[in-house]
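Written out below as structure tokens is the structure these notes cover.
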Amino acid sequence: MTTQPSMLDVDVEPPTYDNTVSDSRAQLSCGETPTLFLDKTTIFAHTSPPRALYELSNVVTDAKSLVYGVQKVVYRVSSEAGSDKVRTRLDHIYDFTQDPLKGLESFSMQLNDVTVIQGQMSSKRTYKEVYLMPGVSGWKVKDHFKVGDSAVHQMKHQDEIHWKNMKGEVVAIESIAKRDKEKKLLGMPQLDVILPMDHKELDLLVTSWMARLWRQSADETKDPMTWKDLMPTYLRDRELWDDKVTPREEKSTIAPAFVGICGTDLHEYLGGPNFCPSSRHPVTGDQIPVTLGHEFSGIIKEIGSDVKQEHLKIGLPCAVQPTIYCGKCAACKAGAENACHTGGFIGLSGWGGGLSEAVSVPADQVFPLPEGIPLELGALVEPLSVAWHAVSATTVTSESNVLVMGGGPIGLAAVLCLKAKGVSNIMVAEIATARQKFAKEFGAAHIIDPKSQDVMEEVMKITGGIGADVTLDCAGVPASVKAACMAVKTRGTVINVAIWEKEIPFNPNWVTWRESSYKSVLGYQKKDYQAVIENLRTGALKPASMITRKISLDDLVEHGIKALITDKDNQVKVLVDVGASL
């Protein structure tokens, strides 16, 4: 091929790759079966933050070019000045074109119907030459993939295309991005890889997907879909320079009152971006810099015209569930929006945050606070909902023996939630003296110090040799997971609440010999918010002691973030009084 596309011709701002990472190299992994989506000339994996995997020379959904190049983003981690740096390079792996081909006279279709995909690297990394051809039941990548299904299947599943290997196994499902009457795309092209494959085959699959989109778009040429098209109306209407937020029709504008500082915020301050998106988030369209603050309460200031929640009134105090989710992935469709494949949080992933004058929030994620619940406690609903979701993941009764590993903010919130559920025999394993004291004050019946005591032995003494019915691992350190598994009773339940920064050794025999269950929980759902607020109303939950300091917005760094870094054992929850500061 004589023409080689140049990446200098790309007319979109390239994503930023050179990021400092503070956790493990596993953060770079997109998994064996990634979900991919196309944003103009960049193919991203649905990770958080989204990770760019491939770059195109031109926009295939525009279909104006005759030759397209595909480059693979190769990540490299190196240590510099005591921290890991992620750097990238672009490897030119394939070109595809509709140039006349030699040696294809035996094909029954017209030569112009055949797309040639030519490998641009060594044969060890790419296939030298592959052909994409149309057929009766769909496209075919000769000797590699069959694209499409029977006519009956296609009638039933008009919004998706199945990619199959030569064994007939479905390896990926392509979501068809439809076009409006003006032939403009209504969404981003997406490909869900559902069977693991090696990198060489994945590269060809992605390139073939792009070639198919190009051929399909040839007769549908229109301006391609971009992030600007995808952004919600209220983001486009935002006047960034005067901080005015106009509510989208189905959203409400909240004036934040109190904002809790979370451990996640500290990680962003110390070594971010970690959770905050360094490239455009697939749902919010935002990337750093973003406004922090995901644990917050506030006052309803405006209500969108299409809001159907009649209980929402201007002036009401409220708590905000900051979950961001797509509503389209398998997790969301299964009712697990807290585990959305492209999820995030208001105050971390975009759409504003609590540390601001106003933030626009989906109406069904705004929870009015009953009379008598102050806004300070409203800011605690988010961390309490994390704990409530965890303790609700199994059955506990007033007779249950429950062990909580870790006496940090979530561990202490778990103690409060267990007390609200009627559990009295609560054991907390914690090494910090100050946190041991907090745990006792919050309602723990027994304190175990792992520095001087064997957790399993102490639990067995307390429970008469039976073990804990449930253990909640809120510590997130290697020693805690083993202790949590060893201290549980036969057929008991171990619940992982912690978010792990690094891979750790885990021996399945820790749970096998007890025939116990090990499960993880993530975040919360609307029902957890509702339960927490109801228990605040009845007085079953009494979390006021969680608030160890209140500060102004001006003191956020010195007396908030830095205080939690240097004196974390003596602090549970520091609240920022945003309402009084603005």
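The values are calculated or read from the model by the stated rules, or taken from the named source; none is laboratory data. Values in this document were obtained by computation on a predicted structure and should not be read as measured data. Heads up, the Cβs are rebuilt from the backbone with ideal geometry, glycines too, and the neighbour counts pull from every protein chain shown.
Quick grid of which residues meet (1) more than 12 Å from the chain's Cα centre (by Cα); (2) surrounded by fewer than 24 Cβ atoms within 10 Å (Cβ to Cβ):
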{"residue": "Gly327", "(1), (2)": "yes, yes"}
{"residue": "Ala334", "(1), (2)": "yes, yes"}
{"residue": "Ala339", "(1), (2)": "no, yes"}
{"residue": "Gly344", "(1), (2)": "no, no"}
{"residue": "Gly347", "(1), (2)": "yes, no"}
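I'm trying to understand the selection: among the residues of the stretch 526-582, which are among the charged types (D, E, K, R) and surrounded by fewer than 16 Cβ atoms within 10 Å (Cβ to Cβ)?
Selection gives Lys526, Lys527, Glu534, Arg537, Lys542, Asp554, Glu558, Lys562, Asp567.
If Lys313 satisfies every condition in (1) at pLDDT 90 or above; (2) surrounded by 19 or more Cβ atoms within 10 Å (Cβ to Cβ) but one, which is the exception?
Only one criterion in (1) at pLDDT 90 or above; (2) surrounded by 19 or more Cβ atoms within 10 Å (Cβ to Cβ) is unmet by Lys313, namely (2).
Sort through Val290, Val283 and tell me the only one that's assigned to a loop (DSSP other than H, G, I, E, B), surrounded by 19 or more Cβ atoms within 10 Å (Cβ to Cβ), in contact with a Pro (Cβ under 8 Å, 6 or more places away or on another chain) and β-branched (Val, Ile, Thr).
Val290
So which residues in the stretch 511-529 are polar (S, T, N, Q) and touching a helix residue (DSSP H, G or I) at 6+ places or on another chain (Cβ under 9 Å)?
Ser516, Ser517, Gln525
Just to be sure, is Ala484 crowded, with 19+ Cβ neighbours inside 10 Å and in contact with a Ser or Thr (Cβ under 6 Å, 6 or more places away or on another chain)?
Judged against the criteria, Ala484 is a match.
Looking at (1) within 16 Å of Ala211 (Cα to Cα); (2) of a type outside the set (Lys, Arg); (3) modelled with pLDDT of 70 or more, can you tell me which one Val170 breaks?
The failed condition is (1).
Quickly run through the stretch 405-435 and pick out the residues that are more than 31 Å from the chain's Cα centre (by Cα) and closer than 19 Å to Ser392 by Cα.
Gly422, Val423, Ser424, Asn425, Ile426, Met427
Determine whether the stretch 513-522 contains at least one residue that is crowded, with 22+ Cβ neighbours inside 10 Å, in contact (Cβ under 8 Å) with a residue 12 or more places away in the chain and out of contact with any Cys (no Cβ under 8 Å at 6 or more places or on another chain).
Looking for residues that are crowded, with 22+ Cβ neighbours inside 10 Å, in contact (Cβ under 8 Å) with a residue 12 or more places away in the chain and out of contact with any Cys (no Cβ under 8 Å at 6 or more places or on another chain), one finds none in the stretch 513-522, hence no.
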